[in-house]
2 protein chains.
Amino acid sequence: MAIPVADSTVDVLIVGAGPAGLMLANWMSRFNLKTRIVDKRGTKIFNGQADGLQCRTLEILDSFDIGHRIWRESNHMVEICLWNPDETGRIRRSDRIPDTIVGISRFQQVVLHQGRIERFFLDAIKENKADLKVERGVMPTTFDFDASKAADFKDYPITVTLRTLTEDEATPCQSGTASSPGGTEIQDGLFRSNLAPDDTADLIARAELNSRAGQTEVVKARFMVGCDGAHSWVRQQLGYSLTGDSTDYIWGVLDIVPVTDFPDIRMRCAIHSESQGSVMIIPRENKLVRLYIQLKEVPLGEGGRADRSKITPDVILKSAQKIFAPYTLTYTHCDWWTAYQIGQRVGDKFSLDERVFLAGDAVHTHSPKAGQGMNVSMQDTYNLGWKIALVASGVCDPAILKTYETERKKIAQDLISFDHRFSRLFSGRPAKDVMDEEGISMDEFKMAFEKGNMFASGVAVDYKDSLIVSRSTSPSTSTLIQNSDPGRTISIGMRMPSFKVLNQSDARPWHLQERLPSDGRWRILVFPGDITTPTALSRYTSLGTKLAAKNSFLHRFTPPGAKIDSVIEILTIHSAPRRDIELTDLPEIFHPYCETIGWDYWKVFADDESYHEGHGQCYENLGLERKGAGAVVVLRPDQYVSWVGEMGDYEGLEKFFGGFMVERK
Amino acid sequence: MAIPVADSTVDVLIVGAGPAGLMLANWMSRFNLKTRIVDKRGTKIFNGQADGLQCRTLEILDSFDIGHRIWRESNHMVEICLWNPDETGRIRRSDRIPDTIVGISRFQQVVLHQGRIERFFLDAIKENKADLKVERGVMPTTFDFDASKAADFKDYPITVTLRTLTEDEATPCQSGTASSPGGTEIQDGLFRSNLAPDDTADLIARAELNSRAGQTEVVKARFMVGCDGAHSWVRQQLGYSLTGDSTDYIWGVLDIVPVTDFPDIRMRCAIHSESQGSVMIIPRENKLVRLYIQLKEVPLGEGGRADRSKITPDVILKSAQKIFAPYTLTYTHCDWWTAYQIGQRVGDKFSLDERVFLAGDAVHTHSPKAGQGMNVSMQDTYNLGWKIALVASGVCDPAILKTYETERKKIAQDLISFDHRFSRLFSGRPAKDVMDEEGISMDEFKMAFEKGNMFASGVAVDYKDSLIVSRSTSPSTSTLIQNSDPGRTISIGMRMPSFKVLNQSDARPWHLQERLPSDGRWRILVFPGDITTPTALSRYTSLGTKLAAKNSFLHRFTPPGAKIDSVIEILTIHSAPRRDIELTDLPEIFHPYCETIGWDYWKVFADDESYHEGHGQCYENLGLERKGAGAVVVLRPDQYVSWVGEMGDYEGLEKFFGGFMVERK
């Protein structure tokens, strides 16, 4: 074994470069922190794997300026068709429902394979911080944690040895190639027939592995995050485990270009056949369709596990054909295939002393059909990233790190129960009639689907009270917010909904969320109401005066010499007619002046009619009265609502921020 | 002088790699034709120059899959504010009007500097045809045309010598650096402070120039297009000239980050001061604002030309400050500046024997303020590109090439008169009252602005009758099309308007134009009406049967063995409820079957309500009755409407295509 070649220290060491790890690296690339990310695989993923992206995930990716790339390239799933046996046992379309609940987001569910999402992250990271690169073919081999250093968040309690693998070691096993009906060779892993052109550099980099093979290095880290999948090495080091169980349900997956007369092959479909099992259809990009196919005839081996060697694409296709009958189904092109046994497991502890964290599949595993896995995993590190960054940068108190586990463990548990219920309904045999108690009621299935859509969208996430989600200090919320449509109104603990507003200075319509980029800043959204009225204007001006004062919390929490909007940004959305307001008449703190670039024209917005894109009705949708007393809303750097107060409650605002922000000298 | 190093033949030689040349190269990259593009400059443009993009231009760029990049990166201009002297002589905002007429396009006018547009073209070309690269620092030096070969469009009548320049020769002159008020060095040319990262490769390539400097090469071409600007070398070779005249009006241009208390600095503004001249404000990307500033105090030298050496950024700024008063205006960052004398000139001949063509500034020059130059230039070669490509590929008869001059010369002439009228109104002194006959009426100015917006949008372009625009053989148009809103209805000679429709197979909403990519195909849009009614279905089926027949024009004009949609694509937009139609019940010709990839799910659309994006009301907007007799619309590869007929008029359709399509063996 080679001796260690270099010792180094990092602020954050990320283990695993799948969607969760890359989301975290992407966060870190926006801060002045030393970050490394390693992955034991020699290359990124090129096809197959996860594919579903929920609307909240798209909102998040858009806040990093990559949502539009996914929105364009992905297949949009608009409608779900339910197919059930009719009285003769033949499958019939029984229902159509919208795939994403109407009105909860400006995005809808789309499908695009994991490799493309990873590519967009890699591009974004490169744009922000060219020297933060995924170190592939590198894995940690030893771990040491010095608990005595854990309380000092400037110190480095973590020591890890990293080893560069040989190319063979870094290439995941393929479970054998197999012939498709058309004769094409297919694989269930890194099959590269649809290799996107911008991945070439990754393949070249892989060639460098051998020259470094066997080298080891000792790294000291302030933080480490295990995004290293269901068999997480980091989790093993911590001695944590997942609990849960697996079922007898075996499913196969085929990514194919289908040749079929089934009329809804480009719709998301749930097909329950009378007795041959179920299929879910996920129409994808590039004419591909993913089929999740229940395999009823695969024998279980010892320990209740399916015998993987008995499963081939042909076996899966034949099962599908029985379920699709009398419709025909075949293919000549298969892009990827796999099989799995449904199970649900969740971790009990997500962190060691808020210095080592687990995220994604390392703390929750479940079946893929609900299209949740990649979403919840990325949202884990979306939740964690800014917290680590703001603590490591000295902006926020380390106490906020505890909220990662309290917030995300509940989501993981909800996900596990959702999947448990959903899988049972999906894999069960349809009831023949109301007396058939062993069968699944198709009405119940439809209801579960519809209700499940709110959960699955990611928009329903509702974080409980903590230092940074403060219902208790926002007593006036119920009088300020008149609407209760989930996903459309301001609700503490939930993400800020988005409606179109107009820039006061140039009349351009923006979705509110487009002005809430994930850049690590807290935001105060000021809704002063109709500031053509003296009362509203006076409340607004009075708040402005307090915020602008030299000893205001805004100044105290902003480093001396830094721009006043660098830690907390203030945005105004008023409900006066845009044409009746002049930006220059408003208090300076709401559109700060700079000697070299003049006034800031990008912070004040009007809830008014646009020329070309209608009226966003932002106030009404959010539950605010246009002519009312207004409101102040604090958003975390991840767009979740922290605090809501009256326009006059400067003290409440100050107290809220005082609970976790660090005063700067 | 070095001897020629290599002789070669090309199908198309493009001289000049500005927007017009790159648009043409971009077209050519989509065909299997040998194309070269040369430019005498050593690098592309990085800032300054043209910036305005009209809505029709965005539609065109979107048809090449690059519109979205511009839409995201550009500044959107939404409102125009008019500022005039009040009775005391102080400038006041007198009016606000929408910058783009509401409802004529899915895009609105935006601003982004020319260099970024060129970058997006270069990326698109690389994606289509990696070996088609701009040869920079290369200029043609001799030209020969063998008229005896002009009639055989397979032959090469053009001979050109190309010479590689030295780096010095390839670098455009700078008219001297100058100090800005803040002390920054600024240039009026290739200033690189805002160099976008993806331009690096261009700068590196420039370093290669010297090693090839002085080399010459003889090239034989089937077609040559001069996109080489106002001083066009190609035009000189043909002995053609531009006619027109220049005025006494001198204007300066500053691209700055303004520091000002003028309230509408982020709006497009037309400011007429009482006696100090006029300013147009064009708010741009990256906090920049472009100011067009009338210079009243620049003396004219010999020959009526302004003395350029007397013009500096300070002179321009001082003129602006007088016009803006009492508002203040200064800057510390200047990105680019220039000055020009208004004039309008247009060419008489656009082509030599339909083998050598002129486009863009080579055939029309005018003042930049109307934001037309780059647009009309790109639209010249957008019009020309597919014609050359389809003739060179043997798809269409060479006779269609004559339409380039007949169609585009009229546009150039309209542009010249528009600019003439507009410049006079802009540069003139505002009238003091109705008796002040020498002054310009501000009401007349406003009206000209509003009317000019339809012309300026590019949507009003209306090509006259020819082989490929056939009003005369479309006699039933007036009974089929009930609407006459310009820009919103089907009108022969104009571009096809766009409204949202739903894909029959997956319910996804698309703007109709998104399904009309510029790929060189002709398209037949079939509007069969409500095909749940037996009459409409029978008309639709009957048309399908004729189109599918082995001796149909569709088969005769498609090469044997090629896909049936490879020359002419048929799209259906029906008005039946989407849920009442099954794709598999419709005639195969409207959704062709392929043994390896199954049915085509991307050719049939419904004019119906979507879940998340409203109802496009495509039939109503286009002027078609939902329950009516339907219509068939033929579109050219550039989205212009060629022919409109009844559902039953297969013979008319056949006759129209028979006029210019080549039968394939």
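The values are calculated or read from the model by the stated rules, or taken from the named source; none is laboratory data. Because the structure is predicted, anything quoted here is derived from the model rather than measured. Heads up, the Cβs are rebuilt from the backbone with ideal geometry, glycines too, and the neighbour counts pull from every protein chain shown. Calculation scope for accessible area: heavy atoms of the full protein, side chains included, ligands and nucleic acids excluded. Shrake-Rupley method; radii C 1.70, N 1.55, O 1.52, S 1.80 Å.
Observations
- Of the residues A:Val279, A:Val289, the single one that is under 25 Å from the mean Cα position of the chain (by Cα), of a type in the set (Val, Ile, Thr) and open to solvent by less than 40 Å² (accessible area, probe 1.4 Å) is A:Val289.
- Members of segment B:318-332 found to be surrounded by 22 or more Cβ atoms within 10 Å (Cβ to Cβ), away from every other protein chain (no Cβ under 14 Å) and of a type outside the set (S, T, N, Q), listed by number: B:Ala320, B:Ile323
- Within segment B:457-495, the set of residues being open to solvent by 40 Å² or more (accessible area, probe 1.4 Å), over 17 Å from B:Phe657 (Cβ atoms) and either modelled with pLDDT of 95 or more or in contact with a strand residue (DSSP E or B) (Cβ under 7 Å, 6 or more places away or on another chain) (or both) comprises B:Asp462, B:Lys464.
- Residue match in segment A:553-568 (condition: surrounded by 20 or more Cβ atoms within 10 Å (Cβ to Cβ), of a type in the set (Val, Ile, Thr) and within 14 Å of chain B (Cβ to nearest Cβ)): no
- Condition check for B:Asp361: in contact (Cβ under 8 Å) with a residue 60 or more places away in the chain, in the same structural domain as B:His113 (by TED's automatic domain parsing), part of a helix (DSSP H, G or I) and not hydrophobic (A, V, I, L, M, F, W, C): yes
- Hits in segment B:622-665 (condition: open to solvent by 30 Å² or more (accessible area, probe 1.4 Å), assigned to a helix (DSSP H, G or I) and either among the hydroxyl-bearing types (Ser, Thr, Tyr) or in contact (Cβ under 8 Å) with a residue 12 or more places away in the chain (or both)): B:Glu654, B:Lys655, B:Gly658
- Of the residues examined, B:Ile256 is one that is within 12 Å of another protein chain (Cβ to nearest Cβ), of a type outside the set (Asp, Glu), part of a strand (DSSP E or B) and over 25 Å from the mean Cα position of the chain (by Cα).
- Any hit, segment B:500-513, residues being away from chain A (no Cβ under 14 Å) and within 26 Å of B:Asp65 (Cα to Cα): yes
- Note on segment A:292-317: among residues that are buried (at least 16 other Cβ atoms within 10 Å of the Cβ) and farther than 26 Å from A:Asp245 by Cβ, the one that is nearest to the other protein chains (Cβ to nearest Cβ) is A:Leu317.
- Residues (farther than 21 Å from B:Pro283 by Cβ, at the interface with chain A (Cβ under 10 Å from one of its Cβ atoms) and outside any helix (DSSP H, G or I)) located in segment B:108-136: B:Ala130
- Checking segment A:67-85 against the condition returns no match, with no residue being part of a loop (DSSP other than H, G, I, E, B) and farther than 24 Å from B:Arg508 by Cβ.
- Failed item in (1) in a strand (DSSP E or B); (2) within 14 Å of another protein chain (Cβ to nearest Cβ); (3) in contact with a Phe, Trp or Tyr (Cβ under 7 Å, 6 or more places away or on another chain), with A:Met280 passing the rest: (2)
- Considering residues of segment A:335-355 that are among the hydrophobic types (A, V, I, L, M, F, W, C) and either in contact with a His (Cβ under 6 Å, 6 or more places away or on another chain) or at pLDDT 95 or above (or both) only, the residue nearest to A:Ile416 (Cα to Cα): A:Val346
- Residues of segment B:603-615 satisfying the condition of being open to solvent by less than 30 Å² (accessible area, probe 1.4 Å), within 14 Å of chain A (Cβ to nearest Cβ) and assigned to a loop (DSSP other than H, G, I, E, B): B:Lys603, B:Ser610
- Any chance A:Asp335 is within 14 Å of another protein chain (Cβ to nearest Cβ), buried (at least 18 other Cβ atoms within 10 Å of the Cβ), assigned to a loop (DSSP other than H, G, I, E, B) and in contact with a strand residue (DSSP E or B) (Cβ under 9 Å, 6 or more places away or on another chain): no
- Residue satisfying all of: in segment B:502-547; of a type in the set (Gly, Ala, Ser) and touching a Phe, Trp or Tyr at 6+ places or on another chain (Cβ under 9 Å); most open to solvent (accessible area, probe 1.4 Å) among these: B:Ser542
- Residue, surrounded by the fewest Cβ atoms within 10 Å (Cβ to Cβ), within segment B:579-602, restricted to residues that are part of a loop (DSSP other than H, G, I, E, B) and of a type in the set (D, E, K, R): B:Glu595
- Some residue of segment A:259-271 being within 12 Å of chain B (Cβ to nearest Cβ), surrounded by 21 or more Cβ atoms within 10 Å (Cβ to Cβ) and without any contact (Cβ under 8 Å) to a residue 40 or more places away in the chain: yes
- Count of residues meeting criterion [more than 12 Å from the chain's Cα centre (by Cα) and buried (at least 24 other Cβ atoms within 10 Å of the Cβ)] in segment A:370-381: 0
- Scanning segment A:84-107 for residues that are open to solvent by less than 10 Å² (accessible area, probe 1.4 Å) and either more than 11 Å from chain B (Cβ to nearest Cβ) or more than 23 Å from B:Arg578 (Cβ to Cβ) (or both) returns a single hit, A:Ile91.
- Taking the listed residues A:Leu22, A:Leu33, A:Leu58, the one that is over 25 Å from A:Leu291 (Cα atoms), surrounded by 23 or more Cβ atoms within 10 Å (Cβ to Cβ) and in the same structural domain as A:Thr216 (by TED's automatic domain parsing) is A:Leu22, with no other qualifying.
- Some residue of segment B:417-424 being at positive phi, open to solvent by 10 Å² or more (accessible area, probe 1.4 Å) and not hydrophobic (A, V, I, L, M, F, W, C): no
- Picking from residues in segment A:222-253 that are open to solvent by 10 Å² or more (accessible area, probe 1.4 Å), assigned to a strand (DSSP E or B) and not acidic (Asp, Glu), the one that is nearest to the other protein chains (Cβ to nearest Cβ) is A:Tyr249.
- A:Asp7 vs. criteria assigned to a strand (DSSP E or B) and modelled with pLDDT under 95: yes
- Residues that are in a strand (DSSP E or B) and within 24 Å of B:Ser466 (Cβ to Cβ), drawn from segment B:489-526: B:Arg495, B:Trp522, B:Arg523, B:Ile524, B:Leu525, B:Val526
- Any hit, segment A:617-632, residues being closer than 23 Å to A:Trp386 by Cβ and either away from chain B (no Cβ under 14 Å) or within 27 Å of the chain's Cα centre (by Cα) (or both): yes
- Conditions (1) closer than 14 Å to A:Ser505 by Cα; (2) free of Cβ contacts under 8 Å to residues at least 60 places away in the same chain: number failed by A:Ile564: (1)
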